[in-house]
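Take a look at the structure below.
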Amino acid sequence: MKTLTTRYGRKLPFDEQRWSLRTDNYTCQIVGEREADYLLLDANTLVTWVPKATIRDNAYEIVDDEVTLSEGVYAKWITSPRLTQSLQRFDELFSPHRELLFANRQLVLSRAEYYLLYPDLLRSGGAYIGGFRYSLGALLEAMEEKAPGVYFEEFAGHRDLYLVCLSGSPLSGMHHSLFWSDELQQFLKIDSSQSRLPGGFLAAIRAFKEAVNQGSVGLSFPGEALEQLLGELGVEV
């Protein structure tokens, strides 16, 4: 069991065996067989049907019912399909439930596998300076801390807003920003035609990036983690 120490000092246990795939051991045990395929058990305890032709064409030697694949073949047949399926499931579930997650941020911050979710929504950046991503947990923890760069006591006629993501130009100062309002329990889109960011776009994005900066730990099954989280919130998925 690994411990994730968060940006603001939380210590969350993280079960790597459950949530992270090992990608450094390509030796598999043959545990089953049918006419055209072998059933392989790998170091992640996953079982996968792999064509016998793949074993034969790559001249992999079978020794005592074990076969060592190449990195590419292992990824193609064993890890990549599972990673892709899990990510697709995560994308399907996040958008329709994102308000619920932001409204229940203490639960998201209770487990490392929730903290480490990376929705596509959480991307920010600007022209000429590039972009960056951050985890759901890193953002929600910064919100809980009312971190400078994330918390806006008053902005664009609203009070107690939390910045979720922003994009814009450091030259013109123009921006497109998404905020969360606890009062309204919803997201608000605000751009530079409504209100300029205090201190300008460049200062704002630097402060925001500093607030949500968090080293990452590999989470291989975001779809399953989000299903578990939504189940704790009483959502049937």
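The values are calculated or read from the model by the stated rules, or taken from the named source; none is laboratory data. Since this is a predicted model, take the numbers as computed values, not measurements. Cβ sites come from the backbone with ideal geometry, for glycine too, and all protein chains shown count toward neighbours.
Filter the range 109-153 down to the residues that are closer than 16 Å to Q228 by Cβ and over 10 Å from the mean Cα position of the chain (by Cα) and list them by number.
Within the range 109-153, L109, S110, R111, A112 qualify.
Among the residues of the range 1-12, what is the count of those that are modelled with pLDDT of 90 or more and over 17 Å from the mean Cα position of the chain (by Cα)?
Residues meeting the conditions: 5.
Residues that are more than 22 Å from R98 (Cβ to Cβ), aliphatic (A, V, I, L, M) and loosely packed, with under 14 Cβ neighbours inside 10 Å: does the range 185-204 have at least one?
There is no residue in the range 185-204 that is more than 22 Å from R98 (Cβ to Cβ), aliphatic (A, V, I, L, M) and loosely packed, with under 14 Cβ neighbours inside 10 Å.
Return the residues of the range 23-67 that are in contact (Cβ under 8 Å) with a residue 40 or more places away in the chain and either over 35 Å from the mean Cα position of the chain (by Cα) or assigned to a loop (DSSP other than H, G, I, E, B) (or both); say none if nothing qualifies.
The answer is T23, Y26.
I'm trying to understand the selection: among the residues of the range 123-146, which are under 17 Å from L178 (Cβ atoms) and either in a helix (DSSP H, G or I) or in contact (Cβ under 8 Å) with a residue 60 or more places away in the chain (or both)?
S124, G125, G126, F132, Y134, S135, L136, A138, L139, L140, A142, M143 - these are the residues of the range 123-146 that are under 17 Å from L178 (Cβ atoms) and either in a helix (DSSP H, G or I) or in contact (Cβ under 8 Å) with a residue 60 or more places away in the chain (or both).
Does E153 satisfy being at negative phi and touching a residue at least 40 places away in the same chain (Cβ under 8 Å)?
Details: at negative phi: yes; touching a residue at least 40 places away in the same chain (Cβ under 8 Å): no.
When the stated conditions are applied, E153 does not pass them.
Restricting to the range 71-87, name every residue that is surrounded by 18 or more Cβ atoms within 10 Å (Cβ to Cβ) and farther than 16 Å from T23 by Cα.
S86
Tell me which of these W77 doesn't satisfy, since it passes every other one: (1) touching a residue at least 40 places away in the same chain (Cβ under 8 Å); (2) assigned to a helix (DSSP H, G or I).
Only one criterion is unmet by W77, namely (1).
Here are F90, F94: which of them is in a helix (DSSP H, G or I) and closer than 21 Å to Q17 by Cα?
On inspection, the qualifying residue turns out to be F90.
Could you tell me whether the range 42-62 includes any residue that is surrounded by 12 or more Cβ atoms within 10 Å (Cβ to Cβ) and touching a Cys at 6+ places or on another chain (Cβ under 6 Å)?
yes
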